[in-house]
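Engineer: The following block contains the structure, expressed as structure tokens.
The values are calculated or read from the model by the stated rules, or taken from the named source; none is laboratory data. Everything quoted here is computed from the prediction, not taken from an experiment. Here the Cβ positions follow ideal geometry from the backbone for every residue, glycine too, while neighbour counts run over all protein chains shown.
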Amino acid sequence: MSTTQRSVVLGVSGGIAAYKVAQLLRLFTEGGFDVRVVPTHAALEFVGKATWEALSGHPIASDVWTDAHDVPHVMVGREADLVFVAPATADLMARAAHGLANDLLTNVLLTATCPIVLAPAMHTEMWENSATQANVATLRSRGVIVLDPDEGRLTGADSGKGRLPEPQALFDAAVATLQGNPADLAGKRVVVSAGGTREHVDPVRFLGNRSSGRQGFAVAAAAARRGAEVTLIAANVSLPTPAGVKRVDVVSAQELHDEVMQYSVGADFVVMVAAVADFRPVATTDVKIKKSRTPDPIALELTTDVLSALVEHRTGGQVIIGFAAETGDADTSVLEFGKQKLAAKGCDVLVVNDVGPDGAFESATNEVYILDVPRADKALIAEALWDTVAGRS
Ligand code: CTP
């Protein structure tokens, strides 16, 4: 999607999580969005006007009287492609649910004709209070997208549900809303594995790989946005959990195998993005191996191939998708290796990731071929082509 010239109103209400929204604003501006920040008066107690003006490149106002000749309470909302409010406090949602218009942000919420997304953040008790829940239900019934808050550390030492999702997750939700979210995975169960497994040699050493988990986390986030119930089996990933996704952390190939096999029973789609170790030490020691030991090689054994095990235990019409990291060599291209692997693994779709000299690891971009097994009807191929390219212009 071309993000240039898209206009976003970033509403900020008065919660401590406003400090994270400065980072979100940065993601918007770096993504080519034109952002008009509309903080409430209370928000300015947490993060000041100068920060919002400097980061957005626009003057800001909280009331309807500033630049009244421009009729800001109508114009700001009307001109936006998206109104995104983070954090949305209990007070802001109560005012929005009741149609109050007592500051610029609530006026914008009433005049906007574009999608509105609210990202609530507050203490658990306030989120769970039936007044707040009723307001959330009212707003959702009117088509406002109210994201679920994360669970985790709150303002002080306490933790629970009510945390504002990380800026990247908020940005992803905003972009997905602007793209128009197809709800084509509603009611589907999806299992995604991500990251790279670690096989311990001794208490301080392991055999690992460079997978960051970014691609798998993006696959899980996109499935959740399209309406799926998603379980993400994460092997040694330090990224924040995408909104609405259940996360299960694992370390080794064996743990990943056990969790994937358990959660995939009855799932509609299983996507193996994780870089799973092919070998593990035959024995691990509880004691650190000393340099003085005779330097004989550490004996290795094969791990279980999870993708092949999934194919063997497939339930119903489950769709099984693999990811292959390939470099190609002098005789065989990346694509040819991919075709051979698809046949050997027996999965339905293989995403072949070219990890040649420019490398995909730890990078935000990937160069891939998506290999699909069945010979598809030409009309379906035409639809798939447009699904792939439609968002590019
Ligand atoms: N995979 C798996 N279990 C393993 C190894 C790999 O499920 N023990 C899955 C990966 O998650 C990925 C696919 O198999 O979806 C291909 O992984 P890749 O590392 O490219 O292939 P390998 O089977 O390891 O083959 P090779 O390393 O020999 O190319």
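Engineer: Against the condition under 23 Å from Gly213 (Cα atoms), under 25 Å from the mean Cα position of the chain (by Cα), within 11 Å of the ligand (Cβ to nearest atom) and buried (at least 17 other Cβ atoms within 10 Å of the Cβ), how does Gly322 come out, does it pass? Full working, then the answer.
Structural biologist: Numbers: under 23 Å from Gly213 (Cα atoms): yes; under 25 Å from the mean Cα position of the chain (by Cα): yes; within 11 Å of the ligand (Cβ to nearest atom): yes; buried (at least 17 other Cβ atoms within 10 Å of the Cβ): yes.
The answer is yes for Gly322.
Engineer: Pairs please, first residue from the stretch 298-317 and of a type in the set (A, V, I, L, M), second anywhere and away from the ligand (no atom under 12 Å from the Cβ) and in a loop (DSSP other than H, G, I, E, B), Cβ atoms under 7 Å, 6+ apart in sequence or on different chains.
Structural biologist: Taking only residues 6 or more apart or on different chains, the pairs are Ala299/Val282; Leu300/Val282.
Engineer: Here's something else I'd like to know. Restricting the first residue to the stretch 14-28 and requiring it to be under 18 Å from Thr89 (Cα atoms), which pairs with a second residue that is among the β-branched types (Val, Ile, Thr) and modelled with pLDDT under 95 meet a Cβ separation below 9 Å and a spacing of at least six or different chains?
Structural biologist: Sorted first by the residue in the stretch 14-28, then by its partner, the pairs are Gly15/Thr155; Ile16/Thr155; Ala17/Thr155.
Engineer: Test of understanding: among Phe171, Phe206, which residue is over 16 Å from the mean Cα position of the chain (by Cα) and modelled with pLDDT of 90 or more?
Structural biologist: When all the criteria are applied, what remains is Phe206.
Engineer: Out of the residues in the stretch 58-101 meeting the condition of being β-branched (Val, Ile, Thr) and not in a loop (DSSP other than H, G, I, E, B), tell me which one is surrounded by the most Cβ atoms within 10 Å (Cβ to Cβ). Even if it seems obvious, please write down each step before you answer.
Structural biologist: Initially, the stretch 58-101 is screened for residues β-branched (Val, Ile, Thr), giving 60, 64, 66, 71, 74, 76, 83, 85, 89.
Cutting the leftovers down to not in a loop (DSSP other than H, G, I, E, B) gives us 74, 76, 83, 85.
On the way: Val74: 14, Val76: 24, Val83: 25, Val85: 27.
Applying the filter and picking the extreme gives Val85.
Engineer: Of the conditions (1) closer than 17 Å to Thr177 by Cα; (2) touching a residue at least 40 places away in the same chain (Cβ under 8 Å), Phe33 satisfies every one except a single condition; which number is it?
Structural biologist: Among (1) closer than 17 Å to Thr177 by Cα; (2) touching a residue at least 40 places away in the same chain (Cβ under 8 Å), the lone unmet condition for Phe33 is (2).
Engineer: So is Thr284 in contact with a strand residue (DSSP E or B) (Cβ under 8 Å, 6 or more places away or on another chain), of a type in the set (Ser, Thr, Tyr) and either more than 19 Å from Val219 (Cα to Cα) or within 10 Å of the ligand (Cβ to nearest atom) (or both) or not?
Structural biologist: Here the answer is yes, as Thr284 does meet what is asked.
Engineer: Which ones in the stretch 271-310 are closer than 22 Å to Asp372 by Cβ and acidic (Asp, Glu)?
Structural biologist: Scanning the stretch 271-310 gives a single hit, Asp305.
Engineer: Tell me, yes or no, whether the stretch 1-14 has at least one residue that is part of a helix (DSSP H, G or I), in contact with a helix residue (DSSP H, G or I) (Cβ under 9 Å, 6 or more places away or on another chain) and assigned by TED's automatic domain parsing to the domain that holds Gln168.
Structural biologist: No, the stretch 1-14 has no match at all.
Engineer: Continuing with this model, one more query. Please go through (1) touching a Lys or Arg at 6+ places or on another chain (Cβ under 9 Å); (2) more than 23 Å from Leu170 (Cα to Cα); (3) basic (Lys, Arg) for Arg293 and return the number of the only condition it doesn't satisfy.
Structural biologist: Evaluating Arg293 over (1) touching a Lys or Arg at 6+ places or on another chain (Cβ under 9 Å); (2) more than 23 Å from Leu170 (Cα to Cα); (3) basic (Lys, Arg) leaves (1) as the failure.
Engineer: Could you grab me the full set of residues in the stretch 334-350 that are more than 8 Å from the ligand (Cβ to nearest atom) and of a type in the set (D, E, K, R)?
Structural biologist: Matches in the stretch 334-350: Glu336, Lys339, Asp348.
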